[in-house]
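Shown next, in structure tokens, is the structure this report addresses.
The values are calculated or read from the model by the stated rules, or taken from the named source; none is laboratory data. The structure presented is a predicted model; accordingly, all values stated were derived computationally and were not measured. Here Cβ is always computed from backbone atoms with ideal geometry, including for glycine, and neighbour counts include all displayed protein chains.
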Amino acid sequence: MLTAQVPKTKEVQTSDCDVLIVGAGPAGYMAAAWLARHKGVKVRIVEKRDGKIFAGQADGLQCRTLEVLQSFGFADRAWKDANHMLEICFWNPDESGKGVVRTGRIPDMSPGLSRFQQIVLHQGWVEGYFKDNLKKYGGAQVEFSTMPESMEIDESKVDDNDAYPVKVVLRHLKEEASAPEQFGHEVLNGLFRSTNLVTTAEEDNALAEDTAKESTEIVNCKYVLGCDGAHSWVRRQLGFEMLGEHTDYVWGVLDIVPITDFPDIRNRCAIHSANSGSVMVIPREGALVRFYIQLSEVERDAEGRVNRAKITPEMILKACQKIMAPYTITYEEIQWFTAYQIGQRVVDDFSSHNRVFITGDAAHTHSPKAGQGMNTSMMDTYNLAWKVGAACQGILDRSALSTYGYERSAVAHDLINFDRKFAKLFSGKPATDAADEAGVSMEEFKKVFEKSHLFASGVSIDYKASNLIAKPAPETEDPHNPVKPAVVESKQSLATGIPVGQRFNSFQVMNQSDSRPWQFQDLMKSDSRWRVTVFAGDVRDAEQKARIEKLAAHLDKPDSFIHKYTPADRKRDGLFHVLTIHSAPRVEVELHDFPTALRPQHDYWSVYVDDMSHHEGHGHAYKNYGVDPKRGCLVISRPDQYVSLVCELEDTDLVEKFFAACLIPQKK
């Protein structure tokens, strides 16, 4: 049990909270946005800093992240504001070894992985989109200059769905105490938070002083989400450890408007010099460019730790100039700089009693050059928050919360393994010739980069079997795994292009009512509903139409999953969203040919067709999804768009068994 040090004051404010989010970075904002879609769930989000992020921090948004932002309704803002990453250029030592020369170009992301490509813009813009979205949906507003002081978990109450077993003492700071330290630099920098350049205690020392405190309060919580970064206070309170390794590689980062004769300054570039290190060029919004620059000459203390106070923009630029020779580079404007030491580590546990969870950088650290930090952090809480919200509402069985650590731990370890290889290739010295085994083969580097696209894009995540994913369990299952196994098994052959455990990919379909073409994924909003996708096949066929009517009759039954698990206050929007895609020619079918269970009254946006649109061609959805256009199938997907179950239209017994293993029947 963790013990709270309750402040010794006469009057301490006490309140209850369903979910307390600690940390208002991308992971925290994603959690808050998700939870805002869960009616009746009381959420608070606290951040110890003053909230003034005007520059720097993370900057890349991958394909899958953009798909998720689209589901929240603001990917278009990021898409418009950002710089688009379409090509990467490789620069390697020339024949003399004294300069660099372009040796190749490839697409920055393999075509066809997603309808989106990677974009870059600074983290503050992304957080701004979330802030606006939270206001729109009445979500929690960030309480800045506020941090947890102590935490206690009452283990006797952790299994009580209605209990508030986590007690957190919050400290409200004076504004001047919560401003990040700039180490004497006039230029804004991220040295105060640079991973592995700061001890776990150092960051909070100044905030621990009583002079920094303005007031305290006690909050009784059902759940706490630790979204508080690499030096996570929540993780430390739980006694969890980061397991992995540090490297000796130190990198500087500059966000500048460059003055240069380098020809590829508006493309992503991987630059390897013969003896001076490497640079990655990331063109940003406007004329801004980010440079990741390998630093070979840094001052260290007796314990080998880098002296942050000695790191300056000038020394980072000097290293960059040396690597990029014979091309010249200086800058017209500098917005931000930082330095970091590469380390690949993963937390040893992702939750305590399924009540306190570790997410984002608090759970995994790695180099930033693969553009995974902000993306993986947001995907952690995108996986977690809908489950916590549904558990708070009494809809999702709390046992399903174990799937968070089970699913995201696997992703984190895959990320670390990928980053370890990628960072070594990027930071290593180029091989001088084929016989140089100690050097890095530039051809190998290019091949690894090309192969990395599927992983880096975020679209290849494949969750294992559980009570939320109906597929066979791994052959070597961990006997200590707390996740409940799948009670049914999908019939994957019915939809070979919709892999169970992966996100539901998007292809164009056309609305039956008005002929408007849609990306099918755009119909799967992040609104906390499960999707029931009916691939109705060719409904002109009498036998096929009878199958559809039989399915609809089951959905209409009072004891079907549609009604059994939907709370009384959600009869209007429902817990389940039924979407139908048929394969007959649109002009030979009418909307009213479909049973009302598939097209509720006044709902003209539930039935779609795989057909030629008037202006945007044919989506070939059935072909791309690998579904038989005659017989179709049934697909169940989670609120986070990951596919749970694929089965025949008649397999309503499988669907009922699946939901019985993870959802809670609601009172009528």
Qualifying position, being more than 16 Å from L654 (Cβ to Cβ) and more than 28 Å from the chain's Cα centre (by Cα), among P558, P499, P482, P474: P558
statement: The residue that is farthest from P263 (Cα to Cα), considering only those in segment 76-110 that are in contact with a strand residue (DSSP E or B) (Cβ under 9 Å, 6 or more places away or on another chain) and assigned to a helix (DSSP H, G or I), is A78
- request: For segment 314-361, enumerate the residues that are acidic (D, E) and under 30 Å from R236 (Cβ atoms).
  value: D348, D349, D361
- request: Please determine, by comparing only the residues of segment 581-613 that are under 30 Å from the mean Cα position of the chain (by Cα) and not in a strand (DSSP E or B), which one is surrounded by the fewest Cβ atoms within 10 Å (Cβ to Cβ).
  value: W605
- line: Picked from segment 150-165 (must be in contact with a helix residue (DSSP H, G or I) (Cβ under 9 Å, 6 or more places away or on another chain) and part of a strand (DSSP E or B)), the residue surrounded by the most Cβ atoms within 10 Å (Cβ to Cβ) is M151
message: Filter segment 475-491 down to the residues that are surrounded by fewer than 18 Cβ atoms within 10 Å (Cβ to Cβ) and polar (S, T, N, Q) and list them by number.
response: T476, N481
- request: Can you run down the residue pairs with Cβ atoms below 7 Å, 6 or more apart or on separate chains, where the first is in segment 534-546 and at positive phi and the partner is surrounded by 22 or more Cβ atoms within 10 Å (Cβ to Cβ)?
  value: G537/H582; G537/S583; G537/G632
query: Going through segment 352-384 one residue at a time, which ones are farther than 18 Å from I461 by Cα and out of contact with any Asp or Glu (no Cβ under 8 Å at 6 or more places or on another chain)?
result: S352, N354, R355, V356, F357, D361, T365, P368, K369
- prompt: Which number in (1) hydrophobic (A, V, I, L, M, F, W, C); (2) free of Cβ contacts under 8 Å to residues at least 24 places away in the same chain; (3) under 30 Å from Y463 (Cα atoms) marks the one condition that V627 misses?
  reply: (2)
message: Here is a list: G277, G244, G252, G226. Which entry is touching a residue at least 12 places away in the same chain (Cβ under 8 Å), surrounded by fewer than 19 Cβ atoms within 10 Å (Cβ to Cβ), of a type outside the set (K, R) and in contact with a strand residue (DSSP E or B) (Cβ under 7 Å, 6 or more places away or on another chain)?
response: G244
statement: Here the residues within segment 614-654 that are within 20 Å of Q70 (Cβ to Cβ) and not in a strand (DSSP E or B) are E616, G619, A621, N624, Y625, R638, P639, D640, Q641
- line: The correct count of residues that are assigned to a strand (DSSP E or B), surrounded by fewer than 24 Cβ atoms within 10 Å (Cβ to Cβ) and touching a Gly at 6+ places or on another chain (Cβ under 9 Å) in segment 12-40 is 1
- request: Within segment 114-144, count every residue that is assigned to a loop (DSSP other than H, G, I, E, B) and modelled with pLDDT of 90 or more.
  value: 10
query: In segment 502-542, what residues are of a type in the set (G, A, S) and surrounded by fewer than 20 Cβ atoms within 10 Å (Cβ to Cβ)?
result: S513, S515, A542
Residue among V279, V253 that is more than 30 Å from S409 (Cα to Cα) and either of a type in the set (S, T, Y) or within 31 Å of the chain's Cα centre (by Cα) (or both): V279
